[in-house]
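Coordinate-derived values only; no laboratory data. Computed from a prediction, not measured in an experiment: that's the story for all the values here. For neighbour counting, all protein chains shown are included, and Cβ atoms are generated from backbone atoms with ideal geometry for every residue, glycine included.
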Amino acid sequence: MTLVLEDDHVAQLLPMADCIDAMEIAFRDFANGGVNLPRIRYRSATSNPDVTYGSNIHIGTVPSLDVAAVRLGGSARSTAAPGQGAEARRPGERSWGFICLISMRTGELLAIIQEFVLSGLRVGATSGLAVKHIARDDGSRGSATRYRPSGSGPTSRGGTSAVSPRLRDAGPGLREGWATRVQSGP
């Protein structure tokens with residue numbers, strides 16, 4: 001039976017530490033021959049001349065878990081708004097995406113997961129892994145307190161806090177000061 005998880009389920013069931021562990025397995029498998037194809041993007045006109053549809057597709061495998069994944073993301077965008085990503089107004093102001101998990105042993109569809117929340121967790125976990133394997137906790141150059149993840153705000157800070165004892169165990173002043181530096185950039 002295929003498991004169906006919506007964003008609320010993902011938020012309740014996947015703590016950042018577990019997401020970091022899963023991403024570490026996926027990166028290790030990729031380094032050892034797992035598949036991670038470049039994303040495929042396309043745009044299409046719709047029946048409404050003021051709206052275009054854009055899609056973003058990712059394909060990858062985690063051989064040690066016998067799982068393949070296909071991410072299908074998409075959004076309707078106003079043709080009147082300039083810019084990319086969050087800068088472009090979208091009808092409904094929401095991107096929609098789903099991840100299909102497939103058994104590499106049987107071909108069975110294991111799960112369909114709504115990915116709006118999961119995408120932010122994934123980005124945060126990736127930032128957390130960078131801190132775990134690269135940064136030092138001693139406050140020096142390259143330390144976790146100087147690391148500046150890009151683009152995903154609270155989820156990146158959640159990932160770095162999950163792996164950095166200096167940030168995790170620090171008082172609110174250090175965490176808030178660090179968050180301000182992250183948001184303001186170098």
Next on the checklist: Just want the answer: with Cβ charges of +1 for Lys and Arg and -1 for Asp and Glu, which residue in V51, A69, N36 is farthest toward the dipole's positive end in the range 3-117?
Outcome noted: V51
Checklist entry - Which length gain, in nm to one decimal place, applies between I59 and R41 when the Cα-Cα distance is subtracted from 0.36 nm times their residue separation? => result 5.3 nm
Item to check | Label-point gap, in nm, between D8 and S103 - each point 7 angstrom along Cα→Cβ | outcome: 3.0
Next on the checklist: Between I112 and N48, what is 0.36 nm times their sequence separation minus the Cα-Cα distance? Round to one decimal in nm.
Outcome noted: 20.1 nm
